[in-house]
Each structure stands twice: as C-alpha cells, then as structure tokens.
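For reference, the structure discussed in these notes is given below.
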Amino acid sequence: MSKKIIDPVFGEMTYQHSWVRSEGIDWWGTYTVEITAHAYTGQLIAEEQKVAYLDYKNTAEKFIADSVPLLVKFINDSYDLASSISNADLLALLKPTAVLFQRDGSWGVLFESDLEPENGIAIFKENGVIKVGTQDDFL
C-alpha cells in the first residue's frame, strides 16, 4: 500500500521510491510531469526541498526561458547533428517528464530525448546556477 502525505508546500504526495505526484505544465506545449521529492523509505520531504519547490513555482517560466540557449548549446556541442538546432527545434527533441527536487535543495527538469535515449537530458539548478547535461549529471 502506498503512503500518502499532505505537505503544506508540495500538496498531496504519494511515496513510490520517492515522494511523487503529477502536475500539468505548459512550457513548450502541454505536458504532465511527475513532481518528485527524492527521499528514502521513512524520510519526509526535507526543508531544502520545500524551499527549492517554492523557487521552482516562482521562477519556472523564467528558468525554462533562460535555459533554452543553454539547451541548444549543449545539444549542438554534444551530438553529431547534420545541422545546428534552433530554439524552435527543441520542441521536437525534448519531452519534459519530471521535475526532481534533491534533498540538498538542487532541482531540475528531466527530459526524454531520442538524442540521449538511455540517460535523457536535464536542466538543473545547483547553488543558484543553471546547468545542462544528461540526467546522470544531475542525479
């Protein structure tokens, strides 16, 4: 049986290897992503994760907009594409699947991508700095 909590910041969350719930987003189109607060069995959501979630809620649209040039640069530098991609091409290359909040307060958006089918791509915020890499770079 899944454990549920009502967190004052995250809302209703269910424990499934971490605390999770679904949320609709509308960045480059409408998607449903998993909002995930990383936790091991028995751990509640950490205060740092709550602060990070509030940062996400207050800055998500700006974070995504500021990340577009970084994503384009990462993809152009990392993958052998026939031509350089543009900002508009990101819609076809990246599908947001989760927003993950680490216990240290860092957070990021995870994307599925045919360019990186095993690892996916992530944009993440660590110590106030936006970074782009594979999901493994963030996880």
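Quick notes
- Selection within segment 121-130 - surrounded by fewer than 20 Cβ atoms within 10 Å (Cβ to Cβ), touching a residue at least 12 places away in the same chain (Cβ under 8 Å) and either among the acidic types (D, E) or part of a strand (DSSP E or B) (or both): E126, I130
- Of the residues making up segment 1-43, those that are out of contact with any helix residue (DSSP H, G or I) (no Cβ under 6 Å at 6 or more places or on another chain), small (G, A, S) and surrounded by 12 or more Cβ atoms within 10 Å (Cβ to Cβ) are G11, S18, A39.
- Only a single criterion out of (1) loosely packed, with under 13 Cβ neighbours inside 10 Å; (2) closer than 18 Å to I123 by Cβ; (3) modelled with pLDDT under 90 is not satisfied by N58, namely (3).
- In the set (1) more than 20 Å from D137 (Cβ to Cβ); (2) surrounded by 13 or more Cβ atoms within 10 Å (Cβ to Cβ); (3) at pLDDT below 90; (4) of a type outside the set (A, V, I, L, M), the condition left unmet by N87 is number (2).
- Hits in segment 93-120 (condition: touching a strand residue (DSSP E or B) at 6+ places or on another chain (Cβ under 8 Å) and aliphatic (A, V, I, L, M)): L94, A98, V99, L100, V109, L110, L115
The values are calculated or read from the model by the stated rules, or taken from the named source; none is laboratory data. What you see is a predicted model; the values in this text were computed from it and never measured. Please note: Cβ atoms are built from the backbone with ideal geometry, for glycine as well, and neighbour counts cover all protein chains shown.
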